Amino acid sequence: MASEDADENVDRGTDRPAGTGPAQSAENAGPSADRPVDPEIAAAVAAAGAAGPGNGETVRIDSWIWAVRLIKTRSQGATACRGGHVHVNGERVKPAYSVRVGDEVRLRNEGRERIVIVKRLIRKRVGAPVAVQCYIDNSPPPPPRETVAPAGVRDRGTGRPTKRDRRDMERLRGLTPPGFSSGMSGPEGRPRGR
């Protein structure tokens with residue numbers, strides 16, 4: 001019952017008709033008639049609603065982005081705000097900024113930009129299934145992970161690599177161009193004269 005009331009408040013707070021959010025997908029649409037609701041998640045949502053701020057109370061932005069699991073710690077949230085990595089409705093904000101339902105939060109963290117719209121205010125950190133119900137995620141897809149070639153693996157007991165081995169490994173990794181040798185002149189490999 002409490003979560004239904006909160007959903008009604010969200011729709012009224014965004015000045016849009018109920019159920020019409022930007023880029024609302026099946027994952028972010030919330031519980032519906034065709035999809036059963038897990039009782040544990042429903043209980044957690046109710047607990048999160050009870051842990052939310054009362055009437056007239058607000059939630060700090062650093063606390064909210066921590067509570068919905070966009071960052072790992074609240075102090076990292078405060079640091080991100082002070083560093084200019086958190087914007088609410090297009091403006092850079094301080095850690096004590098009071099976030100409201102319907103605000104667009106842009107967060108740059110760990111090389112990725114997250115764009116979310118606040119759906120529900122919570123103060124305490126909740127589980128991931130409950131956290132995703134507190135915002136609408138409009139973030140671009142994460143960049144693909146780089147496929148890094150493994151460094152040369154040496155057999156056990158072969159000792160330290162020689163200078164030639166090190167140069168071969170650097171050439172394999174693409175750190176030095178082929179045919180380039182530092183400190184040597186020409187293809188003969190003789191040291192430079194003075």
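Quick rundown of the values:
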| item | result |
| --- | --- |
| Selection count where residues are under 15 Å from the mean Cα position of the chain (by Cα) and open to solvent by 50 Å² or more (accessible area, probe 1.4 Å), scope the range 80-103 | 2 |
| Residue within the range 6-13 that is modelled with pLDDT of 50 or more, open to solvent by 80 Å² or more (accessible area, probe 1.4 Å) and not aromatic (F, W, Y) present | no |
| Meets criteria (at pLDDT 90 or above, assigned to a loop (DSSP other than H, G, I, E, B) and open to solvent by 50 Å² or more (accessible area, probe 1.4 Å)) for R69 | yes |
| Breaking point among (1) of a type outside the set (D, E); (2) assigned to a loop (DSSP other than H, G, I, E, B); (3) modelled with pLDDT of 70 or more, for G193 | (3) |
| Number of positions in the range 121-154 that are more than 16 Å from the chain's Cα centre (by Cα), modelled with pLDDT under 75 and open to solvent by 100 Å² or more (accessible area, probe 1.4 Å) | 5 |
| Residue that is nearest to the chain's Cα centre (by Cα) [pool: residues in the range 104-120 that are surrounded by 12 or more Cβ atoms within 10 Å (Cβ to Cβ) and either among the acidic types (D, E) or not in a strand (DSSP E or B) (or both)] | E113 |
| Every residue from the range 97-143 that is in contact with a Phe, Trp or Tyr (Cβ under 8 Å, 6 or more places away or on another chain) and among the aliphatic types (A, V, I, L, M) | V99, V105, V116, I117, V118, L121, I122 |
| Within the range 55-66, considering residues that are open to solvent by less than 60 Å² (accessible area, probe 1.4 Å) and among the β-branched types (V, I, T), the one nearest to the chain's Cα centre (by Cα) | I65 |
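The values are calculated or read from the model by the stated rules, or taken from the named source; none is laboratory data. Every value quoted in this text rests on a predicted model; they were computed, and no experiment measured them. All Cβ positions, even for glycine, are placed from backbone atoms using ideal geometry, and neighbour counts span all protein chains on display. The area values use the complete protein model at the heavy-atom level, side chains included, leaving out ligands, DNA and RNA. Shrake-Rupley method; radii C 1.70, N 1.55, O 1.52, S 1.80 Å.
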